[in-house]
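The values are calculated or read from the model by the stated rules, or taken from the named source; none is laboratory data. If you're wondering where the values come from, they're calculated on a predicted model, not measured in any experiment. FYI the Cβ positions are ideal-geometry reconstructions off the backbone, even for glycines, and counts take in every protein chain you see.
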């Protein structure tokens with residue numbers, strides 16, 4: 001099948017491939033340029049006219065940047081917030097998704113609508129309410145507030161996706177385990193969750209990446225430099241008179257590459273969790 | 001989408017249970033939703049009707065005064081008009097460009113996997129960081145865009161694309177289209193993949209051209225995916241904040257603001273909580289309307305199918 005297709009490398013096919021690669025290049029281009037900027041010297045960045053490629057490849061930028069900006073702090077904050085939010089989402093969405101897949105109850109529809117609301121209302125639209133609430137709990141400038149908010153706004157993806165996985169697992173398998181003397185929680189832990197593992201991994205990665213990239217809430221409620229996550233911390237470069245673009249883009253490369261790799265790993269499940277709210 | 005709906009049908013044992021026995025399972029999720037969505041909404045609406053001071057302490061019922069003040073603010077109207085252009089322009093171009101792109105990456109060709117991976121970049125990367133690199137690429141003197149245009153002989157003088165009033169807002173819109181295409185294309189791709197191959201093959205056996213097959217068979221079957229992609233985009237683009245905030249701050253003045261960034265500016269830069277919350281409530285209602293449209297339309301297509 002494949003070999004016959006490969007043989008037919010017609011003119012039309014060549015056009016398709018060329019167009020596809022050109023488009024791929026277009027979407028990659030800013031990130032390639034980001035990388036090329038990150039290895040230039042500061043003088044070269046401000047030289048006029050500029051050049052397409054670095055004249056000197058200054059790899060040292062990736063070492064020097066740690067001394068020239070509180071990147072380590074930003075990275076630490078981003079990791080703390082994203083990992084904690086991911087754990088919280090799992091703790092909350094696993095039981096909810098399981099229950100939705102297995103049981104019908106009154107107000108189920110209302111609950112589904114509320115879950116959908118977390119996906120549809122971005123933090124940006126509610127930011128003043130959020131700010132006042134966080135202030136009310138005395139949690140301004142705290143990780144805890146960011147963790148809870150990031151978890152809440154990314155709940156829907158995990159619930160839709162995991163509920164889909166759980167309902168694909170026949171309840172009989174679990175019931176058999178119950179007869180064998182397992183408790184319901186044991187049956188869940190030993191049988192259902194391992195089968196739903198791809199869904200769990202996808203939920204973990206999606207939540208982590210979403211929290212990693214979150215900007216508006218962090219911008220609004222975090223004020224100390226040492227608590228700023230990467231996207232907010234890095235904007236500090238922009239306001240400066242002499243912007244250190246090379247360090248800025250070395251930092252963004254460090255921030256972007258891992259999450260792109262993670263997203264590629266869950267590529268085939270991404271759409272399901274984002275659009276499933278409509279078919280439930 | 002296809003997988004989700006077939007999975008649902010195959011789910012075997014679903015039992016009816018009481019709300020009380022549901023609470024241990026869905027209670028934590030419910031609490032989280034109340035904290036992050038319900039509370040902020042109630043708080044937003046509540047303070048939009050109060051006379052709030054900058055410190056945020058005094059709360060006297062103020063009726064519709066904030067709303068009247070907002071409507072009397074002459075800056076609101078150009079911002080509102082621009083928001084319409086922002087939302088419909090970006091969603092239109094995103095969908096129009098994603099349709100052929102989804103069709104393209106649904107075909108079999110060597111290296112297709114890598115083309116799809118390339119498309120993941122703007123989706124996975126922080127929008128803040130993507131906006132930063134576009135700012136740099138489009139920089140008047142140091143940007144590669146002007147360098148290329150100069151070398152091609154298309155411009156003589158450096159053009160400040162991001163800050164030039166003639167181009168500024170369109171540049172922001174283009175960046176928004178750039179970051180919206182990957183998600184949209186993937187949703188449409190999933191829609192294309194859910195179309196059974198035999199239908200398409202039957203059509204080509206019957207002598208339908210590629211274009212006829214696409215228009216008469218694939219496109220109608222794609223309608224649901226298209227609807228979902230369009231409406232999620234409407235919401236995301238309306239809520240979009242980082243691109244404008246990073247590239248122009250909505251400036252100069254309010255020249256590149258949308259209602260979303262304008263509301264943020266009013267609250268956190270100008271300490272005008274009253275007008276900002278009134279606008280926040282308005283923004284909230286807009287999203288509510290789009291969401292109800294979404295629910296209504298997806299339900300309609302569902303019963304139809």
- Does at least one position in the range B:262-272 carry a residue that is closer than 24 Å to residue B:49 by Cα, part of a helix (DSSP H, G or I), modelled with pLDDT of 90 or more and more than 10 Å from chain A (Cβ to nearest Cβ)? yes
- Number of the exception - residue A:248 against (1) more than 10 Å from chain B (Cβ to nearest Cβ); (2) within 22 Å of the chain's Cα centre (by Cα): (1)
- Kindly establish whether residue A:37 is outside any helix (DSSP H, G or I), facing chain B (nearest Cβ under 9 Å), over 25 Å from residue A:169 (Cβ atoms) and in contact with a helix residue (DSSP H, G or I) (Cβ under 8 Å, 6 or more places away or on another chain). no
- Task: Give the number of residues within the range B:146-171 that are within 22 Å of residue B:240 (Cβ to Cβ) and free of Cβ contacts under 8 Å to residues at least 24 places away in the same chain.
- Result: 5
- Item | Residues satisfying the stated conditions in the range B:233-256, i.e. in a helix (DSSP H, G or I) and within 15 Å of residue A:124 (Cβ to Cβ) | B:234, B:235, B:236, B:237, B:238, B:239, B:242, B:243, B:244, B:245, B:246
- With criteria (1) within 7 Å of chain B (Cβ to nearest Cβ); (2) more than 18 Å from the chain's Cα centre (by Cα); (3) outside any helix (DSSP H, G or I), residue A:138 comes up short on (1)
- Task: Take the range A:242-267 and flag every residue that is part of a loop (DSSP other than H, G, I, E, B), in contact with a helix residue (DSSP H, G or I) (Cβ under 7 Å, 6 or more places away or on another chain) and within 18 Å of residue A:68 (Cβ to Cβ).
- Result: A:243, A:244
- Query: What is the one condition in (1) without any contact (Cβ under 8 Å) to a residue 60 or more places away in the chain; (2) more than 24 Å from residue B:295 (Cβ to Cβ); (3) in contact with a helix residue (DSSP H, G or I) (Cβ under 9 Å, 6 or more places away or on another chain) that residue A:181 does not satisfy?
  - Reply: (3)
- Task: Please work out if residue A:25 is modelled with pLDDT of 90 or more, farther than 23 Å from residue B:159 by Cβ and within 10 Å of chain B (Cβ to nearest Cβ).
- Result: yes
- Can you tell me which residues in the range A:40-69 are outside any loop (DSSP other than H, G, I, E, B) and either within 27 Å of residue B:110 (Cβ to Cβ) or within 14 Å of chain B (Cβ to nearest Cβ) (or both)? A:42, A:43, A:44, A:45
- Task: Inspect the range B:250-260 for any residue being at positive phi and either within 9 Å of chain A (Cβ to nearest Cβ) or in contact with a helix residue (DSSP H, G or I) (Cβ under 8 Å, 6 or more places away or on another chain) (or both) and give the result as yes or no.
- Result: yes
- Note on the structure: Subset of the range B:26-54, residues at the interface with chain A (Cβ under 7 Å from one of its Cβ atoms) and not in a helix (DSSP H, G or I), comes to none
- Say we look at the range A:197-227 and pick out the residues that are closer than 18 Å to residue A:144 by Cβ and away from every other protein chain (no Cβ under 12 Å); which of these is surrounded by the fewest Cβ atoms within 10 Å (Cβ to Cβ)? A:224
- Query: If we scan the range B:1-20, do we find a residue that is under 20 Å from residue A:122 (Cα atoms) and either at pLDDT 90 or above or in a loop (DSSP other than H, G, I, E, B) (or both)?
  - Reply: no
- Working only within the range A:92-135, note down all residues that are within 25 Å of residue A:204 (Cα to Cα) and in contact with a strand residue (DSSP E or B) (Cβ under 6 Å, 6 or more places away or on another chain). A:103
- Among the residues of the range A:114-130, how many are facing chain B (nearest Cβ under 8 Å) and either under 30 Å from residue B:16 (Cβ atoms) or outside any loop (DSSP other than H, G, I, E, B) (or both)? 10
- Scanning the range A:229-241 for residues that are modelled with pLDDT under 95 and part of a loop (DSSP other than H, G, I, E, B), the one farthest from the other protein chains (Cβ to nearest Cβ) turns out to be A:241
